[in-house]
Amino acid sequence: MFSQLVVNGLVTGSVYAIAAVGVSLVYGILRLVNFAYGDMMAFGALVAYGCNGPLHQSMVVAALAGMAATALLALALDVALWKPLRARRAGFMSLFLASIGLALVLRQALLLAAGPQPEAYRVDPYRVFVIGSVRLSEAQTIAVATAAAAIVVVALFLARTTAGRVLRAMADDRTLAAVAGIDVARATRLAWAISGLLAGLAGVLAGLVEYSFTPDFGFQLLLPVFAAVVLGGIGSAYGALAGGLALGLAEELSTWSGFAGGVDPVYKPVVAFVLLALALLLRPQGLFGRARVA
Amino acid sequence: MTALLEIQQVVKSFGGVRAVDGAAFEVAAGSITALIGPNGAGKSTLFNCVAGSLRPDAGRIVFAGRRIDRLPTHRIARAGLVRTFQSARALARMTVLDNLLLASIGHPGERLSGLLLRPRAARAHERALRERARELLDLVGLQAHADAYAGTLSGGQRKLLDLARVLMLEPTLVLLDEPMAGVSPRLRVELLDHILALRRERGITFLIIEHDLDFVMQAAEKIVVMNEGRVIAQGDPASVQGDQAVVDAYLGTAAVHEQPAPA
Amino acid sequence: MSTLASAGFWEFVGVVAGIYTILALGLQLQFGFAGLLNFGQVAFMAIGAYTMAILVVKEGWSTWLAAPLGVAAAAVGGLVLGLPTLRLRSDYFAIVTIAFSEIVRYVAMNEDALTGGSQGTIALGPVGQAAQYNGQWAQFQHRMQAWLGLPSADATMLVIVWLAALALLASAWAVLRTPWGRVLRSIREDEDAAASLGKNAFAYKLQALALGAALAGVAGLFYAWQFSYFSPDDFAPLLTFFAWMIVLLGGLGRVFAVPVGAVVFGFIFAGTRFLGFAPFSWFASDQRAYLRLIIIGLVILALVVLRPQGLLGKREEMVLE
């Protein structure tokens, strides 16, 4: 039972982790808490569904298409919305509210285009892998393997490539980065592209893990993802990875009967919020974040 | 003269950097004391500790015989120790008059309970407050701007507003953070006259951070020099001017010193 | 199209706009005057409505005792939320308030014994019996209708809700003009400067949060009475966003901008039902519900980008930053 919960937690946690990195990258560079991120994930999931279902493409092709489409969407939105707001030197409140408006538009547009009925990818829900006492469905296996690969790729990108280092430097200190001769406009586009790719991937994986999903499922995912970002120290990409995994594990393990009888599974989402609140109160700079220099 | 403010071995660090590293000095009651030093010397951090915006990691700050280093800003202000900010924090989207009216301690109208239970006292207090605000506006020469949004004032006028607002509180000790920065030469003279007159007529004590050494030499009877978080010299202007440690500190960072201080 | 002409429909829209006015007034107090980014306003509405309904059905209280207690419970909710969180940075505070409103909704959805669970207030009473909490209110409404000589229950509700809204708007306007309101605005402008003038910023923010929450509680009561049934889904975060839009539409930092925003919002929201012309006529009626929310979202975006001071706001005094 316990090891099954750990595995389930890692599956959910890896989806959160990928999405959290996407949110965190954009926050680090633009100071934007992107409320539309959940709906960008749903967009990616639906594009992939379109390829996988009606167009009969393989899951891999479908996922790549979903990621690419979401990245394009993110770049287009940057030009159409975020750039003008930056030009006006809009502060945190404006950006946050704009992202709420955008979330509404995106979500309803998805509902309009795809209808309210749940969709599912063409994976066999009854095919199950058994490893010791742990059972994993095909979808879960795909999700956890892809997520693990993606996490490694993202971590390597951030640590080893020049572009990755630029993004981290900008998240640390924008003005300093600009002074150091970094092309801020290019780095911003890069951040949006990667954030979009990750949103698409996280959306597809979330769709796989949940088996069936509706076009408005992004919002339910958004709050745990925010919680993961905050838990990891807002703006820190590595922190977001760790925060996502920690949150997924905590949600699942909270239901373990060895833990004070276990929390009723219906309260799993509440566990995420309570952890978020606790983390903020105990360490306002995030669990893995550094204290800010005043 | 007795010490009104005692800074005792105050330490404050940020992420391993000791911005203030055991600074210690006293401010005598009724004096004008200047705090100088190159940028990054820890002056502003120390100010923030005294005013309660930051909590020191170690050491004590004693004001009028009472320890204040654990008190929040608003309690310190109520005790009579009031600060201004480097970039005069006029509340830009409130009128000049409202800015002044804010500066009042124990106004029953500022509490919901006071409004409900003592409406007459609240009104009386407000009336007296308005009168006083008008007087102070006259004093600093801003009477014509009373109903303008504070954001429309010039940098120098904001400093005057800031000073007038502090005076509304009838403080015993005023901390001024670079009062001369961004102020036109004409207003500088006016500001200096105000400060000297306030000390003379109302016995207000001043502790001033200032880069304008002419002003410091003219106004202050005691100068405290900080470098790298410590007090490296203190005394009357003449003795500090000849101090070798001071000369070294300034020469060593002369290039940095010329730059305006970051906010 | 016949509904467009019916007075009943517009009475209903007017009632809802009145309820939203009260809800959004709370937000105006919190954000427009105290600078608090509260994105969990709907939670306080839920607390007010549920407290009243539970006390009436389960404890057999009189509506006239249960209702003020509902409002008080919402205010206490504001205190409970604010005490630990008001010291957080504003972006964290915003996220925590959304999380808080979702926690409240989850609890309402899953604590069947207390709230009736996802079935809503119908399941508040014993099993198999549809519970009602608004008997006394309906009687009162009937008496008012007879006394005022109004044609319908909705018309009566329209009068009652707007009388309440106007009374609350006037009180808010009056209290915000006092020195208390002045301190609140100074904290919105610059908390450090306010503290250096001796103001306890935390205490003022807490008061603003609790008062705004109490107003949401009042909105919750009227919502419950108007619909005579509600469930946790009625208190989704979307409603908080509507309230934000109303405040933004009307203008920040102005009390009487709130009803203007609410009425304009009501027209946009209800009026978009009648978009019988192209391109809207290409869509089926259920799809037009999505279109309506798309329009709401676009209006929020347009406001943020083009007119951050709102319709009536003064640019010099309060803009969205």
Tell me the Rg and the Dmax, in Å, that the Cα atoms of the range B:94-152 produce.
12.6, 37
Using Cα pairs closer than 8 Å and at least 6 residues apart in sequence, work out the relative contact order for chain B, in percent.
27 percent
Can you give me the distance in nm between label points at A:D124 and A:F2, each placed 7 Å from the Cα along the Cα-to-Cβ direction?
3.3 nm
Shielding by partners, peptide A:34-43 (average Cβ within 10 angstrom, other chains):
1
Taking the range C:2-306 and dividing mean pair separation by its residue count, relative contact order in percent (alpha carbons under 8 Å, at least six apart)
34 percent
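Calculate how large, on average over all directions, the projected area of the Cα convex hull of the protein assembly as shown is; give the answer in nm² to one decimal.
Here the figure is 41.6 nm², rounded to one decimal.
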Proxy exposure order for C:L298, A:L97 (fewest C-beta within 10 Å first) is C:L298, A:L97
Work out, step by step, the length gained on full extension between A:L282 and A:V79: first 0.36 nm times the residue separation, then minus their alpha carbon distance; give nm to one decimal.
69.2 nm
Using a Gaussian network model on chain A with a 10 Å cutoff between Cα atoms, which of A:P54, A:P269, A:P118 fluctuates the most?
A:P54
Nearest 0.05, what FRET efficiency do A:Y211 and C:W173 give at R0 = 56 Å with Cβ-Cβ as r?
0.55
At q = 0.16, 0.21 Å⁻¹, what log₁₀ I(q)/I(0) does the range B:1-141 have when each alpha carbon counts as one equal point scatterer in the Debye sum?
-0.99, -1.25
Mean 1/r over distinct Cα pairs of the range B:2-58, inverted to a Kirkwood Rh in Å, yields 11.9 Å
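So if R0 is 60 Å, what FRET efficiency would B:A58 and A:I131 give, r being the distance between their Cβ atoms, rounded to the nearest 0.05?
Given R0 = 60 Å and the Cβ-Cβ separation, E is 0.65.
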Calculate the dipole size of the protein assembly as shown relative to its Cα centre from +1 charges on Lys and Arg beta carbons and -1 charges on Asp and Glu beta carbons; express the result in debye to the nearest 20.
780 debye
How do the peptides C:95-104, C:31-40, B:18-27 rank, highest first, by the average count of neighbouring beta carbon atoms within 10 Å per residue?
C:31-40, C:95-104, B:18-27
If I model the range A:19-215 as equal point scatterers sitting on the Cα atoms and use the Debye formula, what is log10 I(q)/I(0) at q = 0.12, 0.14, 0.15 Å⁻¹?
-0.63, -0.82, -0.92
Hey, in the GNM for chain B with a 10 angstrom Cα cutoff, which one of B:A238, B:A146, B:A64 fluctuates hardest?
B:A238
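For C:172-184, what's the mean count of beta carbons from other chains sitting within 10 Å of each residue's beta carbon? Before the final figure, lay out the partial values.
On the way: counts 0, 0, 1, 3, 0, 0, 11, 16, 10, 3, 11, 7, 1.
Other-chain Cβ atoms within 10 Å of each residue's Cβ, averaged: 5.
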Among B:H145, A:H56, rank each residue by its count of other Cβ atoms within 10 Å, from fewest to most, as a rough exposure measure.
A:H56, B:H145
So how strong a dipole does the range A:19-215 carry about its Cα centre when Lys and Arg Cβ are +1 and Asp and Glu Cβ are -1, to the nearest 20 debye?
580 debye
Can you sort C:F12, C:F241, A:F157 so the residue with the fewest Cβ neighbours within 10 Å comes first?
A:F157, C:F12, C:F241
For C:290-302, what's the mean count of beta carbons from other chains sitting within 10 Å of each residue's beta carbon?
6
Helix axis angle, B:119-140 relative to chain B longest principal axis, alpha carbon, degrees:
50 degrees
Could you tell me which of B:G80, B:L102, B:V62 has its Cα farthest along the dipole of the range B:44-148 towards the positive end, charges placed at Cβ (Lys, Arg +1; Asp, Glu -1), taken about the Cα centre?
B:V62
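Which whole-number percent of Cα pairs in chain B have a distance greater than 30 Å?
29 percent
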On the formula 1/(1 + (r/R0)^6), with r taken between the Cβ atoms of B:E190 and B:A3 and R0 of 25 Å, the FRET efficiency rounded to 0.05 is 0.25
Starting from the 7 Å offset along Cα-to-Cβ, what nm value, one decimal, do you get for the label separation of A:A148 and A:D183?
3.8 nm
Chain C, Rg to Rh (Cα coordinates; Rh as Kirkwood inverse mean 1/r):
0.97
Cα extents of the range A:104-198 along the principal axes, largest first, in whole Å, come to 56, 42, 16
Straight-line reach only, C-alpha to C-alpha below 25 angstrom: list the lysines that B:K159 could link to, leaving out same-chain residues fewer than 8 apart.
B:K43, B:K222, C:K199
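Throughout, read-outs are computed from the coordinates displayed, never taken from laboratory work. If you're wondering where the values come from, they're calculated on a predicted model, not measured in any experiment. With ideal geometry, Cβ positions are generated from the backbone for all residues, glycine too; neighbour counts draw on all protein chains shown.
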